[in-house]
Structure formats: C-alpha cells, structure tokens
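Q: Just passing along the structure, written as structure tokens.
The values are calculated or read from the model by the stated rules, or taken from the named source; none is laboratory data. These numbers were taken from a predicted model, which means no experiment stands behind them. Using ideal geometry, Cβ is built from the backbone for each residue, glycine included, and neighbour counts are taken over all protein chains shown. In case anyone asks, the SASA skips ligands and DNA or RNA and just uses the protein heavy atoms, side chains included. Shrake-Rupley method; radii C 1.70, N 1.55, O 1.52, S 1.80 Å.
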Amino acid sequence: MATKLLQPLPVPQRRQPAGVAVAAAAAPLLVLLAMAFFCHSPLVAVATGAPELVELTLLPDAWEKGAVCLDGSPPAYHLQRGFGSGSRSWLVYLQGGAWCNSTESCSERKTTALGSSKFMELVAFDGILSNQHQLNPDFYDWNKVVIRYCDGASFSGDAEGEDMDGTKLFYRGLRIWEVIIDELMGIGLDEAKQALLAGCSAGGLATLLHCDNFRARFPKQVSVKCLSDAGFFLDIKDVSGERFMRSVCDGVVHLQNVQKVLPKDCLAKAKDPTECFFAAEIIKSISTPTFILNSDYDSWQIGNVLAPNGSYPGELWSSCKADIRNCSSKQIDVLHGFRKKLVHELKVAEGKSDWGLFVDSCFTHCQTPLNISWHSPSSPRLGHKTIAEAVGDWYFGRSRGVKEMDCKYPCNPTCSSQLPT
C-alpha cells in the first residue's frame, strides 16, 4: 500500500510557566513533523485519476560509507523514469518532516519512516511529481526522484550517538545526501541536460543547504536550479517572547554536527553556528538560481514557531493557529508582524536577478507536492498564475523577473479553504 509521508508525531512542548495548564501530555523535545503533504487531493483525483505509486529503492551497500538512517537501516529513494523529451531532465525532491534535536526525540523518531527505512512504503507522486501533463505541465515527463528523509537534520548531519537503550543513533544525513546523489549520477543524472533540486519544509531547507553542491556536480552548460518550498523558517520570538525555534535548531546543529554544510562566510562572523542554519543567512551565499515558494502566513510556522504549545495561556491561540479564519483582530496583527519579518528577510532574494519568488498569503504549508495547490482550479494565484506556471516561467526563462509577493491576508480570493494546513 502507499504510505502517507510525514505523519505528525507528538507535538513538542515548551517548558510551561507556572499556572499554565498543559493541553496535552508532554512529548519529547521533537520539532513538529510537517503535514502529510504527499496525500493527493480527492477533488483532483476524481477528475484525473489516482497518481502513480512509485516503488522504494534501498541502498544496502551505503553502510560501507556510513550512510544510514537514524536506526542504522539503509537510506532509500523513489525513482519515476522520464520519457519523451524529458528523458534527460531530472527533478530531485528532498522529503521534509521537521527535525530531532535530542537523544530522546531522535530515539522516538527512529521507530517511524522518518528515522528508519524499515517503515517506508510506496509513495504516490502528485503535484510537481505528477506524470500527467494537465497537472504538471512543465515537469510531467522528467525523471523524478524523491529522496527519503530519515536523519532528522535536513540531510546535513555527520555524527553518531548512543541511544537510551545503549544502541547507536546515526546522525548521517550528509552522507545519505552524498551517497544517493552519487547513485543517481551513475544511473543517468550525470547525463542530464537540465536539473532541478527541490524540497518541502525541512526538505526545502535542505534544498538551500545543498543547492550549490548540487550545481557543482554538473558541467556549466547544464541548466541547474533549485526550488525551496516552505523552507524559509524564521528565527523569531514566539508569542511569549521566547525563541523556541532557535532553541530547537540549536539542538539539531550541535547534536548532529551540521557545520560542514553551513555557509562558511556566515560561520566566520556568527557567534553561534545555529544562526547559519536559518534560510535568511543561507540564501546570502547561494550562487545557483533559486526559487523561493512560501506562504507569508505559513500554517506550520504560525502553529509551531510563532505560537507553539505552551507559549500562551490556556487555549488562547489554539483556535487561531488551527484556522486563520478563527483569529481575533489582535491575533491577525501578530500574524501581520510575522509576514513583515518574512518579507524583510526575502529582500536578499528579491535583489538577485536570476532568482524567483512566489510568496502567497494563504494559510498553508508545502505547496509543491499536492495537485490542489500546485496546479488546479483551486490553486493559489499571483499575477494570474498558478504556482506551477510561475515556477515553469522562471525555470525556462519565459518571463523576466518572476517575483510575486502577495498582499496582506485576507486580500487574495484564490486562497482556498481546501488547501492543506
């Protein structure tokens, strides 16, 4: 059967201030996993048929290079071969699913498909991964790969530790990245005429971290670009004034030893390498043309960065972060502040002539792997274009300056309530 990737794990809880009731049982300090973004939209599926289920390919020999999931099982990917004019074009997609930042949280994670290939199943290729022209007009016939995420550090760690039961925990995301890309180069990626590295959420962050490394693997005449979807996580204070997201990333960076992939110019000036794990710093050093796709009211970040559980008394933010339509005027003002910070940090991308932007005001997270948000009658639109049309225009140079920035919520009528949160 097909798996629903990125099933949510227990919500991480902040340390509770006195007098604040805990709404749910305390969970390990594990950053929230992103939504199950590969589940196809029933609305679209009825009209177009179910997406293709793609087999899992394991790399058992990767053990020799230390490239293993958290539990020591082999890394894996899914490959759908291209056809026709797309037979020498490649889309490599990095799966997301947040992070683990402690022995306890990584131990819990290794009992899921986000920490062990033992639990991985088939994947339905949808959205930007679809092989149907009407759903994916520019990339439908490309070779498409999903690299499974099982390290908990955006494919960037290189360390190991001891689990609470005495067994080993392997933090080998960087080695997984290297081994799988090497494998793909040996089965046709090295002959690509054009390539796109993409990913969503933690995979979107990984796309930024590895973008220039991916570009460097090809001759200069090959068109190589990157697309980061919902990977622009903000280093901001939550509604209680604490930097919860900073504390989470700090745990990831130091536990899993991710410094090898962080921008060298950032590391040279930063007081703490954790600063360099955020997209606002990473994009300053990327030379490869990159497209940033994000919501400036990102539902995951509103619920887990801006208003994480434990950062507010009682149920004050629970209804709002579940559905933006439930937010009070004061809460909307706070969300506008979040948007203002994101827009400011994207100025760097705006200033790069060969970069692209699609920043909508929809309450959603991860918009590339779902038909409903990628390219359908219900897709968000900016400049009268769906996300698929904007990305295609940017990649193929059909339009100059594909940089679309939405107005404040609730200005965009194409932000459907059917979009996943």
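Q: Looking at (1) within 24 Å of the chain's Cα centre (by Cα); (2) at negative phi, which is the only condition GLY97 fails?
A: (2)
Q: Another question, then. Within the group THR386, THR414, which residue is open to solvent by less than 20 Å² (accessible area, probe 1.4 Å), modelled with pLDDT of 95 or more, hydroxyl-bearing (Ser, Thr, Tyr) and on the phi < 0 side of the Ramachandran plot?
A: None of the others qualify; the one that does is THR386.
Q: Across the stretch 153-207, what is the total count of residues that are more than 23 Å from PRO289 (Cβ to Cβ) and either at pLDDT below 95 or among the acidic types (Asp, Glu) (or both)?
A: Total meeting the criteria: 10.
Q: Could you check the stretch 309-350 for helices (runs of 4 or more DSSP H) lying wholly inside it with 3 or more residues that are open to solvent by 40 Å² or more (accessible area, probe 1.4 Å)?
A: Working: elements: 318-322, 329-345, 347-350.
Qualifying helices (runs of 4 or more DSSP H): 329-345, 347-350.
Q: Among the numbered criteria (1) assigned to a helix (DSSP H, G or I); (2) touching a strand residue (DSSP E or B) at 6+ places or on another chain (Cβ under 8 Å); (3) of a type outside the set (Lys, Arg), which one does LEU267 miss?
A: Only one criterion in (1) assigned to a helix (DSSP H, G or I); (2) touching a strand residue (DSSP E or B) at 6+ places or on another chain (Cβ under 8 Å); (3) of a type outside the set (Lys, Arg) is unmet by LEU267, namely (2).
Q: Looking at the stretch 366-421 only, could you name the residues that are hydroxyl-bearing (Ser, Thr, Tyr), farther than 29 Å from SER329 by Cα and part of a helix (DSSP H, G or I)?
A: TYR395
Q: Is there a residue in the stretch 244-260 that is part of a helix (DSSP H, G or I), out of contact with any Leu (no Cβ under 8 Å at 6 or more places or on another chain), open to solvent by 10 Å² or more (accessible area, probe 1.4 Å) and polar (S, T, N, Q)?
A: Yes: one or more hits.
Q: Something else: Pull out all pairs, ordered by first then second residue, where Cβ-Cβ is under 8 Å, the residues are six or more apart or on different chains, the first lies in the stretch 192-217 and is assigned to a strand (DSSP E or B), and the second is among the charged types (D, E, K, R).
A: Close Cβ pairs satisfying both conditions: GLN194/ARG88; ALA195/LYS225; LEU196/LYS225; LEU197/LYS225; ALA198/ASP229; GLY199/ASP229; CYS200/ASP229.
Q: Could you tell me whether any residue of the stretch 217-224 is at pLDDT 95 or above, closer than 15 Å to PRO369 by Cα and among the hydroxyl-bearing types (Ser, Thr, Tyr)?
A: The answer is no; no qualifying residue exists.
Q: When residues of the stretch 287-302 are filtered for being part of a loop (DSSP other than H, G, I, E, B) and open to solvent by 10 Å² or more (accessible area, probe 1.4 Å), how many remain?
A: Selection size over the stretch 287-302: 2.
Every residue, every condition in (1) farther than 17 Å from LEU56 by Cα; (2) β-branched (Val, Ile, Thr); (3) crowded, with 24+ Cβ neighbours inside 10 Å, yes or no:
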residue	(1), (2), (3)
TRP99	yes, no, yes
THR103	yes, yes, no
CYS106	yes, no, yes
THR111	yes, yes, no
VAL123	no, yes, yes
GLY127	yes, no, yes
GLN132	yes, no, no
PRO137	yes, no, no
TYR140	yes, no, no
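Q: When the stretch 234-284 is examined, which residues are found to be among the aliphatic types (A, V, I, L, M) and modelled with pLDDT under 95?
A: If the condition is that a residue be among the aliphatic types (A, V, I, L, M) and modelled with pLDDT under 95, then ALA270 is the only one that fits.
Q: Any chance you could count how many residues in the stretch 218-237 are in a strand (DSSP E or B), of a type in the set (S, T, N, Q) and open to solvent by 10 Å² or more (accessible area, probe 1.4 Å)?
A: 1
Q: Identify all residues within the stretch 363-390 that are β-branched (Val, Ile, Thr) and touching a Gly at 6+ places or on another chain (Cβ under 6 Å); write none if there are none.
A: Step one: of the stretch 363-390, the residues β-branched (Val, Ile, Thr) are 364, 368, 372, 386-387.
Result: THR368, single match.
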